Amino acid sequence: MIISLSQAIERKRKELLNRAHHHELISDEVLSCSRQLDDLVTLYLHKKESFLHVSAEKIHTTIHVHLKGHLNILTADELYGLMANLLPSIENVHDITIDLSQLEFNDSSGIGALFQFIRQTIGKNIHVSALNVNESVSTALETLGIYENFRELNLTGS
């Protein structure tokens with residue numbers, strides 16, 4: 001499911017109103033939800049500071065994907081856009097390489113977007129590999145077990 005930042009803010013706003021209706025305004029539930037809404041609004045206000053450049057080229061039976069910048073809740077739509085454009089051209093593709101040398105993760109939404117991209121290959125007999133993984137991305141992927149998921153996807157013939 002793709003959720004934009006403005007949709008996330010609206011959902012959190014509705015959640016805050018609901019919690020405030022059912023709990024005291026100074027309850028942990030209401031205060032926690034309020035802080036989360038503040039964080040989302042702050043992200044939205046700083047959106048100009050985040051960027052993601054996504055490019056892909058198909059050479060024979062391989063698609064080479066290059067990601068540069070910050071992959072987070074603010075920029076995940078760029079990767080989702082690439083997915084939508086690539087899916088029709090994924091026929092006769094045996095490999096997808098994802099160059100992560102110039103990528104930084106800022107939040108779990110970014111990692112989720114990358115994993116969703118990888119999951120699009122399940123059942124299509126495509127080998128997916130991450131190339132040139134920098135240290136900060138490597139730490140994030142190892143912490144969340146994404147490297148293991150790369151292996152599992154590739155071992156199951158996807």
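The values are calculated or read from the model by the stated rules, or taken from the named source; none is laboratory data. These numbers come from a predicted model, not from an experiment. Backbone-built Cβ (ideal geometry, glycine too); neighbour counts: all protein chains shown. In case anyone asks, the SASA skips ligands and DNA or RNA and just uses the protein heavy atoms, side chains included. Shrake-Rupley method; radii C 1.70, N 1.55, O 1.52, S 1.80 Å.
Of note:
- Strands (runs of 3 or more DSSP E) contained entirely in region 45-122, each with at least 3 residues that are hydrophobic (A, V, I, L, M, F, W, C) and open to solvent by less than 30 Å² (accessible area, probe 1.4 Å): 62-71, 95-105
- Looking only at region 4-40, and only at residues there that are among the β-branched types (Val, Ile, Thr) and surrounded by 14 or more Cβ atoms within 10 Å (Cβ to Cβ), the one that is modelled with the lowest pLDDT: Ile9
- Matching residues, region 123-143, being assigned to a loop (DSSP other than H, G, I, E, B) and surrounded by 17 or more Cβ atoms within 10 Å (Cβ to Cβ): Ile126, Val133
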